[in-house]
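These notes concern the structure reproduced below.
The values are calculated or read from the model by the stated rules, or taken from the named source; none is laboratory data. Since the model is a prediction, treat every value here as computed from it, not as a measurement. A quick note on method: Cβ atoms are made from the backbone with ideal geometry, for glycine too, and the neighbour counts reach across all protein chains shown. Heavy atoms of the whole protein, side chains included, go into the accessibility calculation; ligands, DNA and RNA do not. Shrake-Rupley method; radii C 1.70, N 1.55, O 1.52, S 1.80 Å.
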Amino acid sequence: MNSRVFITGMGAISAIGNTVAENHRALIDGRCGITRSKSKSKSKSKSTNVPSRYAGTLPFGEVALSTEELKEKLKTKAPGITRTTLLTLHAFKEAIADAGLTAGQLQSPDTALVGATTVGGMCLMDEFFSDANKSSGGSVFLSSYDCASVNMYLQAYYKMKGVVDTINTACSSSANAILYGARLIRNGLAKRAIVGGADSLSKLTINGFNALHILSPEVCAPFDRDRQGLNLGEGAAFLVLEGEEALAGNKKIYATLSGYCNTNDAFHPSSLSGDGPYLAMKGALASAQLQEDQIDFINAHGTGTENNDEVESKVMLRLFGAPPVFASTKGNVGHTLGAAGAVEAAYSILSLTHQEVYAGLNFKEPIPDTGLRPVSVYQKMSLQHVMSNSFGFGGNCTSLIFSKV
């Protein structure tokens, strides 16, 4: 069994940048990419990407590139291709180029692909049903509607022959993709795994979250006393994981994935009891063979919703006593759902690589019952181990630990 898993490549696109470097610069600057979009009828800008009547009234974290711009940039005109797949392809290309993977390595049976999404092709629900209502011969969007279509596209595009899997565990989806990729490597089932996730803004998720009354009318304020809910965002991030036997020469290594754990408290469809997050964080520490006081920073799940932030705060107090420095980057990019675990993993790795932590935006006053304050300004800091939390609907909770090489 391989014991160490290295991160050798990263790719990311979000509301604050189209590359990892752009995201990094925006995090340092404390930039927020969440805005109130204008409706499609009023603008031909990026704001047309919000397929909802709530465009212009609620804030969202939109990727700056339009769907057509993504198609042109990626040089693809595949019929029925979705925005989710385009975001995936964009981040995937950056990650494999960053890791220097060759076509031969991508096509090798010992290279795995584990991707995550919750929206998948459902972002084109209206187009699909419009076709279905006027044609009995099927729809060009039918093949894209399957949640696995995103990774099936990558598999065909790169002629990949190794393990290919799609994970959908709500907001912890891409954190679980990272966890699963690491397990494939550690159990000798792959030499390398390209892992991550993507989601685009869609009418289905916007209307669904609005029905739950947890969309904030203002830019979200994770861990703040007066938080009003979350902002939906979109984006994608992928990491290249490699085992020791896959490394050669002076290959760049960002960090190691030293620990991970997935639990499910099965408490409530959209709330957390605290046991799942507690056991995920505790299990990740055990996996990494670390003590609580060895975690230097926590990239918290921190959605800005009333229940989530209070529960996560109480769990940090329960586990750590005096929690380490923590913050949520959802104030920068919004909640990117199936992409969140991978996007925030990339941000955690950037913290380790550059020995710095990024400000939790919009925080003013602590939650009265906990008194915890996230870091509110960018600062340089000595970091050895960083924990990244992703807690999903249905109680599916995952914690990852990244460590300095």
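Where strands (runs of 3 or more DSSP E) fall entirely within region 184-265, those with at least 2 residues that are polar (S, T, N, Q) are at 255-264.
Among the candidates Gly334, Gly276, Gly243, Gly249, the residue that is open to solvent by less than 10 Å² (accessible area, probe 1.4 Å) and over 21 Å from the mean Cα position of the chain (by Cα) is uniquely Gly243.
Selection within region 149-192: residues that are under 15 Å from Cys261 (Cα atoms) and of a type in the set (Val, Ile, Thr). The member of this set that is farthest from the chain's Cα centre (by Cα) is Thr169.
The lone criterion from (1) open to solvent by less than 20 Å² (accessible area, probe 1.4 Å); (2) of a type in the set (A, V, I, L, M); (3) more than 13 Å from the chain's Cα centre (by Cα); (4) more than 26 Å from Asp226 (Cα to Cα) left unmet by Ile298 is number (4).
Among the residues of region 359-405, those that are hydroxyl-bearing (Ser, Thr, Tyr) and either open to solvent by 10 Å² or more (accessible area, probe 1.4 Å) or under 20 Å from Ile253 (Cβ atoms) (or both) comprise Thr370, Ser376, Tyr378, Ser382, Ser388, Ser403. A residue that is out of contact with any strand residue (DSSP E or B) (no Cβ under 7 Å at 6 or more places or on another chain), in contact (Cβ under 8 Å) with a residue 60 or more places away in the chain and not in a helix (DSSP H, G or I) occurs somewhere in region 297-305.
Just one residue in the set Ala156, Ala190 is closer than 17 Å to Ile96 by Cα and open to solvent by less than 10 Å² (accessible area, probe 1.4 Å); that residue is Ala190. Would a scan of region 144-155 turn up a residue that is in a loop (DSSP other than H, G, I, E, B), among the β-branched types (Val, Ile, Thr) and either under 23 Å from Leu65 (Cβ atoms) or touching a helix residue (DSSP H, G or I) at 6+ places or on another chain (Cβ under 6 Å) (or both)? The answer is no, given that none of the residues of region 144-155 is in a loop (DSSP other than H, G, I, E, B), among the β-branched types (Val, Ile, Thr) and either under 23 Å from Leu65 (Cβ atoms) or touching a helix residue (DSSP H, G or I) at 6+ places or on another chain (Cβ under 6 Å) (or both). What is the one condition in (1) surrounded by 18 or more Cβ atoms within 10 Å (Cβ to Cβ); (2) free of Cβ contacts under 8 Å to residues at least 40 places away in the same chain; (3) of a type in the set (A, V, I, L, M, F, W, C) that Ala211 does not satisfy? The number of the failed condition is (1).
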